[in-house]
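Colleague: Okay, handing you the structure first.
Where a number appears in this text, it was derived from the coordinates with a stated rule and is not lab data. Everything numeric here is computed off the predicted structure, so don't read it as measured data. No Cβ is skipped: glycine too gets one built from the backbone with ideal geometry, and neighbour counts run over all protein chains shown.
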Amino acid sequence: MTGPDRRPRRLRATPAMRRLVAETRLHTAELILPMFVREGISRPVPIRSMPGVVQHSLDSFRAALGEAAATGIGGVMLFGVPEHKDAIGSGATDDNGILNVATRIAVAEVGSALVVQTDLCLDEFTDHGHCGVLDADGRVDNDASLVRYQEMALAQVAAGSALLGLSGMMDGQVAAVREALDSASHFQTAILGYAAKYASAFYGPFREAVDSSLVGDRRTYQQDPANRREGVYEARLDIDEGADIIMVKPAMGYLDVLADVAAESPIPVWAYQVSGEYAMVEAAAANGWIDRERAIMESLVGIRRAGAEAVLTYWAVEAAEAIA
Ligand code: PBG
């Protein structure tokens with residue numbers, strides 16, 4: 001009897017063979033840990049919808065930075081949770097604002113081992129919770145927001161951020177921030193454009209993580225989940241405007257966009273495995289419904305395979321330990 005003469009299973013027969021022929025490998029340097037630092041607390045506060053993730057106090061933040069650096073991950077992305085918010089997000093541009101304080105600490109503690117990155121968006125600092133400032137009619141004012149982003153960029157550079165994460169989805173934000181950096185002769189600071197960022201329900205747990213004040217949604221500035229071509233267009237605009245790295249976000253629901261963007265982009269492409277992606281796996285695992293460790297590694301390999309060169313993930317430290 002003659003069986004099939006093409007037998008791909010040959011390469012799956014042993015762990016050693018599978019390891020040898022794997023097309024995609026995870027490396028610790030490609031993992032970036034998002035971290036939340038909250039003003040005015042003396043102990044870390046757990047985030048209910050993200051088991052294992054906390055809002056850090058400055059002390060717990062210092063300790064966590066050391067642990068993160070020891071695992072060999074590539075960087076940290078910092079988010080601030082301020083005590084006071086206002087209409088223009090003053091805390092974002094205040095040198096003593098929590099994000100800028102946290103950035104200085106991170107740079108001092110681990111700045112040579114990790115790329116210290118900062119979220120450049122107003123939503124954590126505004127009392128209305130939007131990513132920009134509002135006009136007289138209560139709509140997000142694109143160009144007025146750009147001026148705030150420029151001020152925020154300069155504050156973050158002064159704090160020592162090595163990579164500014166522009167996540168606000170205002171039109172022209174990369175160009176505006178690049179211009180502000182150039183005119184102040186900050187030629188070393190890199191820009192990560194959240195090029196294709198969708199208005200996603202999977203950011204739900206993040207809103208708890210940053211004590212978001214948002215009422216309503218972000219559909220007038222974040223992209224419609226229905227649109228694939230538009231993701232590539234947004235990426236192209238960020239590249240033209242001077243981004244150094246671009247990102248697709250969320251990750252798992254948008255792997256097609258990620259693959260399209262990765263196929264075209266001459267600059268690095270990253271993906272953000274967002275809070276809801278984390279929460280789903282943790283919740284299912286807590287119920288005993290999936291194999292937690294396998295699901296985590298499979299999700300990361302899938303995101304890498306689709307074209308991301310690095311991944312922001314709340315599992316960065318754990319995944320790095322698993323790889324090592
Ligand atoms: C905006 C920002 C958000 C996330 C990262 N940056 C929230 C939003 O756009 O509503 C979400 C990240 C996550 O869900 O893990 N500053």
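Colleague: Under the rule of at least 5 residues apart or a separate chain, name every residue whose amide H is placed under 5 Å from the amide H of G172.
Modeller: none
Colleague: What is the packing order of peptides 117-126, 203-212, 40-49, taking the mean over residues of other C-beta atoms within 10 Å and listing the highest first?
Modeller: With the highest mean Cβ count within 10 Å placed first, the list reads 117-126, 203-212, 40-49.
Colleague: When you count, for each residue, the other Cβ atoms within 10 Å and take the mean per peptide, how do 242-254, 12-24 rank with the highest first?
Modeller: In decreasing order of mean packing, 242-254, 12-24 become 242-254, 12-24.
Colleague: For the range 26-323, what is the convex hull volume of its Cα atoms per residue in Å³?
Modeller: 119 Å³
Colleague: Okay, next question. Against the longest principal axis of the chain, how steep is helix 173-183, in degrees 0 to 90 to the nearest 10, with axes from Cα atoms?
Modeller: 60 degrees
Colleague: Calculated from DSSP H runs of 4 or more alone, at -39500 (n - 2.57) each and per residue, what is the 222 nm mean residue ellipticity of the chain, nearest 500?
Modeller: -12000 deg cm²/dmol
Colleague: What is the helix-to-structure angle for 229-241, meaning the angle in degrees between its Cα long axis and the longest Cα principal axis of the chain, kept from 0 to 90 and rounded to the nearest 10?
Modeller: 60 degrees
Colleague: Between the alpha-carbon centers of the range 215-286 and the range 82-155, tell me the distance in whole angstrom.
Modeller: Computed from Cα coordinates, the inter-centre distance equals 21 Å.
Colleague: Put +1 on the Cβ of every Lys and Arg and -1 on every Asp and Glu Cβ in the range 62-209; which of L114, L192, L166 then has its Cα farthest towards the positive end of the dipole?
Modeller: My answer, from the dipole projection, is L114.
Colleague: Taking θ as phi - 60°, what are the ³J(HN,Hα) couplings along the range 307-315 by the Karplus curve (6.51, -1.76, 1.60), each to the nearest whole Hz, with x for Gly and Pro?
Modeller: x, 7, 7, 8, 10, 7, 8, 6, 9
Colleague: With θ set to phi - 60°, apply the Karplus curve 6.51 cos²θ - 1.76 cosθ + 1.60 along the range 45-55 and write out the HN-Hα couplings as whole Hz, x wherever there is a Gly or Pro.
Modeller: Working through the residues one at a time gives 10, x, 9, 4, 8, 10, x, x, 10, 10, 8 Hz.
Colleague: Which angle from 0 to 90°, rounded to the nearest 10, does the C-alpha axis of helix 142-159 make with the longest principal axis of the chain?
Modeller: It is inclined by approximately 80 degrees.
Colleague: Mind ordering 169-180, 294-305 by average Cβ neighbours within 10 Å, highest first?
Modeller: 169-180, 294-305
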